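Report on the structure given below.
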Amino acid sequence: MTRKMQAAQVEQFGQPLVLKELDIPTPGAGQILVKTEACGVCHTDLHAASGDWPLKPTLPFTPGHEGIGIVTALGAGVTAVKEGDRVGVPWLYSACGHCEFCLAAQEPVCAEAQFGGYTQNGGFAEYILADPNYVAHIPAGLAARDAAPLICAGITSYKGLKETQARPGQWVVISGIGGLGHLGVQYAKAMGLQVCAVDIDEGKLEHARRLGADAVVNAKTGDPVAAVRKLTGGGAHGVLITAPSLPAFKQGVGMTRKHGTCVLVGIPPGDFPTPLFDVVANCITIRGSFVGNRRDMAEALAFAAEGKVKADIELQPLSAINAVFERLAKGEVPSRVVLDFAG
């Protein structure tokens, strides 16, 4: 008799997910089967379910790229993990391993990369098939529910901070103190940086203070660019923009110090209004950052295992996914929702 599992699938773009009973998949050669303990919910999952991006997933599909669980079965030839290991199945589901980008540890931009919960079925299900060469290895002592947001929101904010090239003691601005930004504040402090948090929500700014931010700026009141430049003595050495807001992008460049770096990880709709004269005259670098490589993943999880970074999470069952998506679309999720499969 074929064993069954519960999964939440997108059958039509822009429509509620459908809770279905599916066969538990069997891992083929070079694959593993992971029994899901927890899976974070990311704004990218909402984009996937809505069909917002030019390259759309093939319907039907199971979203979720923050799935954490236990390896329960190995396909032929698998040696990178063993049964009983706790792993994460992240956005970077797999890559070719031999192109110029993979060889340079830039596998997230591999032309053959596959993405969890997008081009491959993801973690909104009780079991996930995964590539053992690309799973995240969860450190002992780090609970599944705490690890889940770190394999997307955590690595994305951490890698973005690394891309600013800011050094210990220098200033970074983190614009947008939500699911990514509240982790970014913690990573930045653990990296020895001075942090200025920027948001339009006073509650989120107070949260940033509690997490160790050295300064906060409310972008709704006064001139946020002038405020940051005054606080940091001429602008931040690095600016990380997590807010999916075009005004935040424009402000972020203005907040960047001469010869500083502004890193973009949020993806708002529309075109980026770049002040070309200021960028050229002040020698500012504008850089996109897309999740991170496997070394970045290990480093991001190590900070958490050491107790230096902890995601603020809200647990929900898989059956609540549509209500969670509605709140996410309205901006009513303050940090990170994690679907709890362990009960």
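Readers should treat all values here as calculations from the given coordinates under stated rules, not as data from a laboratory. As the structure is a prediction and not an experimental result, all values here were calculated from the model. Here Cβ is always computed from backbone atoms with ideal geometry, including for glycine, and neighbour counts include all displayed protein chains.
Quick look at the numbers
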read-out	value
Simple Cβ-charge dipole of segment 154-288, Lys/Arg +1 and Asp/Glu -1, about Cα centre, in debye nearest 20	360 debye
Inter-probe distance in nm under a simple model that places probes 7 Å from Cα toward Cβ, at L59 and K250	3.7 nm
GNM result for the chain, Cα springs below 10 Å: residue of G252, G307, G123 fluctuating most strongly	G307
Flagged links, alpha-carbon separation over 22 Å, of K159/K189; K159/K230; K56/K310; K159/K310; K4/K35; K162/K308	K159/K230; K56/K310
Dipole of the chain [Lys/Arg +1, Asp/Glu -1 at C-beta], most positive-end residue of L92, F272, V71	F272
Principal semi-axes in Å for the chain [√(5λ), Cα gyration tensor, largest first]	35, 20, 19
Estimated [θ] at 222 nm from DSSP helical runs (n ≥ 4, -39500 (n - 2.57)) normalised by residues in the chain, nearest 500	-7500 deg cm²/dmol
Gained length - S50 relative to Q165, 0.36 nm times residue gap less alpha-carbon distance	37.9 nm
Cα gyration tensor shape of segment 154-288, rounded if a/c is under 1.5, else prolate or oblate by comparing a/b with b/c	rounded
Exposure proxy ranking, count of Cβ atoms within 10 Å, fewest first, for E306, E163, E299, E21	E21, E306, E299, E163
Selection from P244, H43, Y134, by position along the positive dipole direction of the chain (Cβ)	P244
Other-chain or far-sequence residues with amide H under 5 Å of S94's (modelled H)	Q114
Cα gyration tensor shape for segment 235-343, rounded if a/c is under 1.5, else prolate or oblate	oblate
FRET efficiency for A323 and F13, using Cβ-Cβ distance with R0 set to 22 Å, rounded to 0.05	0.70
Extension gain from T221 to N282, taking 0.36 nm per residue of separation minus the Cα-Cα distance	19.4 nm
Least to most buried among I151, I24 (fewest other Cβ within 10 Å first)	I24, I151
Three-way shape label, segment 286-343, alpha-carbon gyration tensor, a/c 1.5	oblate
In nm, spacing of pseudo-spin labels at E314 and A76 (7 Å Cα→C-beta vector)	4.8 nm
Beta bridges by DSSP in the chain, antiparallel share as percent, to the nearest 5	55 percent
Ranking of I284, I70 by count of other Cβ atoms within 10 Å, fewest first	I70, I284
F272-N133 FRET efficiency (beta carbon distance; Förster radius 41 Å; 0.05 resolution)	0.75
Positive-end extreme of charge dipole, segment 154-288 - chosen from Y158, V217, V228 (charges on Cβ)	Y158
Gaussian network model of the chain, springs between alpha carbon atoms under 10 Å - residue of V279, V89, V71 with greatest fluctuation	V279
